[in-house]
Structures are given as structure tokens and as C-alpha cells.
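The values are calculated or read from the model by the stated rules, or taken from the named source; none is laboratory data. Nothing here was measured: the structure is a model prediction, and the numbers come from that model. Don't worry about glycine lacking a Cβ; one is built from the backbone with ideal geometry, like all the others, and counts go over all protein chains shown. Please note that ligands, DNA and RNA were not included when accessible areas were found on the heavy atoms of the full protein model with its side chains. Shrake-Rupley method; radii C 1.70, N 1.55, O 1.52, S 1.80 Å.
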Amino acid sequence: MEPKRIREGYLVKRGSVFNTWKPMWVVLLEDGIEFYKKKSDNSPKGMIPLKGSTLTSPCQDFGKRMFVFKITTTKQQDHFFQAAFLEERDAWVRDIKKAIKCIEGGQKFARKSTRRSIRLPETVDLGALYLSMKDMEKGIKELNLEKDKKIFNHCFTGNCVIDWLVSNKSVRNRQEGLMIASSLLGEGYLQPAGELSKNAADGTAENPFLDNPDAFYYFPDSGFFCEENSSDDDAILKEEFRGVIIKQGCLLKQGHRRKNWKVRKFILREDPAYMHYYDPAGGEDPLGAIHLRGCVVTSVESNSDVRKSEEENLFEIITADEVHYFLQAATPKERTEWIKAIQVASRTGK
């Protein structure tokens, strides 16, 4: 009987020989992790046994690379994976930890329904707390703040974080709030913006997190950017990134010239409505952008430029300028979710 598939999707994996980062189709089984060059491949490039393995998350061994986790096997081999965004990393980590625990206890992997407790548990769930902080209505409000002739977009102050934790009854007092906020910072759920908060996070202050109106912070996937006095062209470019992120993840994208397919990380923003795509193996600057205002997006069942093994879950975006983009999702459900999100952004975003 074949092991049950628990989770699958694109992750960026660090090579064990050349140490390069490449997107892989990763499948979590009950007893191990298989990784493939493409989803359509029949045989994996490798397999990581989970029995006796340990998992480290977050893994901060690679500087600016965010959302990385590490699996260390019994033979002391390290395998590094990078997710597209925070919630995706946490979902993988949660399932891998549970799979390892089930192997140790001789149990079958089974999901249990979870209900959020109103009572703060003894061991704080930082992931759940982070999602509450990001809630559009009841969470921390993201602002554009100015300091030292710079504008910090999509961020908030340190004292606002502590205020929110106290008013939300997540902590009993500001001192306890400082401890929780420092943990959120250390785990990568919050990022420092500006010299004051960065210096504190680097250890130059007594506490890594500052309960201070002049200390700025941001959520790692919020679309944060800092701008100084800039030209009109720069202002137009930065306008693309002002929209709120409504969806993100990895898709296959067809090239316009060579018609080859490559995995790209997509970030969908609304108002203004843009999809920026990035090299998932690294790089902070986007490879390109799709302006979605007035676009048409549809499912595609066949495409003469696509091999039969790659004809699943295709969709097409036709921009107002009549530029065609062919994309491929991993599952029919994921394709539907992307189409719906793009349709909303095309109608509401400028």
C-alpha cells in the first residue's frame, strides 16, 4: 500500500551539490518527502526520509531569504526549503512536524478539526496571533509613516503593536506584550523598518522590540517599501506596489518569446490592480508586471504551445492592451481561486 499524500505544492529547494536554489514540486508523504523537477514528472529527483529527522523553522542561515525551513536527517544531511509566503511555510512545517511525531508514535497521520480558543494558551500560538494582527477589520492598521524625510509605506509603530496586544487581551500588560512582540520579531512574523528598530533587532538595545512611537515595523508580506524624494517616473513605478496583497503563490508561466514554461512567484495586488512575478529562487525585484485593470481572464483547456502532460489547470489573462499571458495552476481549485481573485481586482482596482 502506497504512503498517503499529505501535502504537495511548489517550494524552492537548495541543491545539495551546487547549493543553487531551484523551484521543485514537493510531495509530503506519511514517511518521507519526495521532490520533483516538475509536477508532471513520474519519478522524483530525490526522497528525504522523515523517520528520526528533525525540523528547524524559521531557518535564518541565508540572510535575506525569508520563509525557509530545514530538515536534518538521521545521517546529518541538511535539506533547505523556501516557501512563497509565511502562511504557506507554517502549513508545511505543521504537517511535517506532525508526520514525524506520528512515525515516532507508530500512528497513522490524520487531520483533526481545530477550533480557536478564546482563552490564551500557556504556549502562545504565534502563527494564529499573527493572522489576527493582519485581520483587515480588527487587526493592526497599516499606515504610511514619515521620518527623516523618508516615507515608510504599509507599516506601523512599536507602541501600536503593544497597544493592540493589550486591547485585544492577548497579553495582560505591556511588559508581557514586549515579550510576545520580541518573539514575533524573532520568528519573522514582524520585520523592522528604519534605523531605530533595525538597531534594536540587531542587539544594540536592551530589548529587540521597542515599545516606541518612533520605531517602525511591518508584516513581511504586506507590500512594505520605503521611499525618499523621487522623480515622477519613480513615483509611477512605486504606485504599482501600493495595492493591498490579496493573493500570492507559485504558478507556471509561459514565456512570450521561447514559449518555455518556468515557475514564478506571483503577488496579486488591488487598487492599483497588478500581478508582479518574481524568480522564486531569489531576487527582490520583480521580473515583470501585469496590469489587470480591464483585463479578461478565462480557463484554457488546450494550447498548441503546451505539451499534453502540461495541459492541466491552464488559464489566460488578456490585458486591456491585448497582451496574452498563459499561466498554469497546480490544481483545478487553485486555478479557480486565482481566476476569481484576478476578476475582482480587474473590476475594482485602478
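Some notes on this structure:
- Some residue of region 49-56 being among the basic types (Lys, Arg), in contact with a helix residue (DSSP H, G or I) (Cβ under 8 Å, 6 or more places away or on another chain), within 24 Å of GLY32 (Cβ to Cβ) and modelled with pLDDT of 90 or more: yes
- From the options GLN107, GLN76, residue that is modelled with pLDDT of 90 or more and open to solvent by 50 Å² or more (accessible area, probe 1.4 Å): GLN76
- Close pairs from region 45-67: first among the β-branched types (Val, Ile, Thr), partner part of a loop (DSSP other than H, G, I, E, B) and open to solvent by less than 40 Å² (accessible area, probe 1.4 Å), Cβ under 7 Å, at least 6 apart: ILE48/THR73
- Here region 243-267 is the region considered, the condition is being within 19 Å of LYS134 (Cβ to Cβ) and open to solvent by 40 Å² or more (accessible area, probe 1.4 Å), and the residue that is farthest from the chain's Cα centre (by Cα) is VAL244.
- Here LYS51 clears all of (1) open to solvent by 80 Å² or more (accessible area, probe 1.4 Å); (2) charged (D, E, K, R); (3) within 25 Å of LEU252 (Cα to Cα) except the condition numbered (3).
- Selection within region 295-335: residues that are within 19 Å of ARG258 (Cα to Cα), modelled with pLDDT under 85 and open to solvent by less than 30 Å² (accessible area, probe 1.4 Å). The member of this set that is farthest from the chain's Cα centre (by Cα) is ASN303.
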